[in-house]
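Single-structure report; data block below.
What follows draws every value from the coordinates through simple rules; no lab data is involved. For clarity, every value in this text was computed on a predicted model and none was experimentally measured. Please note: Cβ atoms are built from the backbone with ideal geometry, for glycine as well, and neighbour counts cover all protein chains shown.
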């Protein structure tokens with residue numbers, strides 16, 4: 001009995017000494033945190049989405065506190081958060097709201113596949129192993145990698161095999177765009193007006209495009225020829241719109257035989 005009691009008392013004594021030592025070292029080696037950083041971190045939404053270019057809100061707050069990062073990089077918090085941070089460190093609080101859009105219309109019915117894919121159900125895996133499960137090598141692979149990285153529930157896979165973006169929920173954080181191995185999710189200013197193409201097929205062979213995807217841009221250039229503002233040009237087989245000049249008249253949309261062009 002005395003051995004048990006002695007062991008218990010010795011254990012309590014060791015635990016007490018270790019507790020004191022830990023408390024001492026915590027105080028002695030403590031690094032005082034910048035109070036401004038703490039206030040900035042409290043103002044951030046805590047999504048840790050990476051839209052600001054940092055791995056998380058803590059890192060972004062620390063960089064802003066040091067004057068290294070801009071105060072308007074949090075697209076999730078938007079204008080309200082930028083104004084809170086501006087009240088702490090000063091600076092321009094203007095935030096340009098962004099939103100994601102899909103540049104592909106290659107649905108199950110319209111885009112032909114090469115064959116049955118039995119690999120890992122991931123767009124990136126399919127891209128690496130097959131180049132593309134579809135005959136159009138630029139098209140959406142349809143496995144929803146973008147939906148899995150979206151922290152705001154703004155993307156869902158539709159029955160047509162394409163991701164559908166809820167613009168009301170989208171914060172423009174770029175997570176989906178960064179994840180897409182096909183680079184067909186574009187993040188654009190929310191207030192951007194005019195027309196945009198919904199196709200990224202760079203194949204300049206018109207017949208091959210039409211054969212592989214019934215919704216693909218066939219490079220007919222009718223959008224270019226019929227634009228009254230002359231603000232559309234072809235680049236690598238894709239219409240490129242100068243939205244600073246585009247008036248949103250809809251001429252390109254109405255003339256496009258495949259309906260690749262869309263008004264924002």
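Expressed in nm to one decimal, what extension gain is obtained for the pair residue 202 and residue 166 from 0.36 nm per residue of sequence separation less their Cα-Cα distance? Before the final figure, lay out the partial values.
Working: separation 36, 0.36 × 36 = 12.96 nm, distance 2.69 nm.
That works out to 10.3 nm of additional length.
Suppose R0 equals 30 Å. What FRET efficiency, 1/(1 + (r/R0)^6) with r the Cβ-Cβ distance, do residue 118 and residue 58 give to the nearest 0.05? The partial results should precede the final answer.
Working: r = 42 Å, r/R0 = 1.40.
Efficiency at R0 = 30 Å is approximately 0.10.
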Handout entry: Distance-filtered residues of the range 158-197 - backbone nitrogen under 13 Å, label point 7 angstrom along residue 229 Cα→Cβ
Key = 192-196
Practice task
Taking 7 Å along the Cα-to-C-beta vector as the label spot, tell me the residue 178-residue 109 distance in nanometres, rounded to one decimal.
Solution key: 3.6 nm
Exercise for the section: Could you pull out which residues in the range 140-166 have an amide N less than 20 Å from a spot 7 Å beyond the Cα of residue 253, following the Cα-Cβ vector? Expected result: 164-166
Fill in the blank from the handout: Which of 246, 140, 223 fluctuates most in a GNM of the chain (C-alpha springs under 10 Å)? That residue is 246
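If packing is taken as the mean number of other Cβ atoms within 10 Å per residue, what is the order of 250-256, 143-149, highest first? Present the calculation step by step, with values, prior to reporting the outcome.
Values: 250-256: 17.6, 143-149: 19.4.
Highest mean packing first, the order is 143-149, 250-256.
More than 18 Å apart: what percent of Cα pairs in the range 1-155 qualify?
Details: 8664 of 11935 pairs.
That tail contains 73 percent of the Cα-Cα pairs.
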Fill in the blank from the handout: Rounded to the nearest 10, the angle in degrees between the Cα long axis of helix 2-28 and the longest principal axis of the Cα atoms of the chain comes to 60 degrees
Handout entry: Cα gyration tensor, the range 35-89 - rounded (a/c under 1.5), prolate or oblate
Key = rounded
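Normalized C-alpha radius of gyration of the chain, against 2.2 N^0.38 Å?
On the way: Rg = 26.8 Å, N = 264, 2.2 N^0.38 = 18.3 Å.
That ratio works out to 1.47.
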Exercise for the section: Could you check the simple spin-label distance between residue 13 and residue 130, using points 7 Å along Cα→Cβ, in nm with one decimal? Expected result: 7.1 nm
Exercise for the section: Rounded to the nearest 10 degrees, what's the angle between the helix 78-89 long axis and the longest principal axis of the chain, both from Cα atoms, 0 to 90? Expected result: 40 degrees
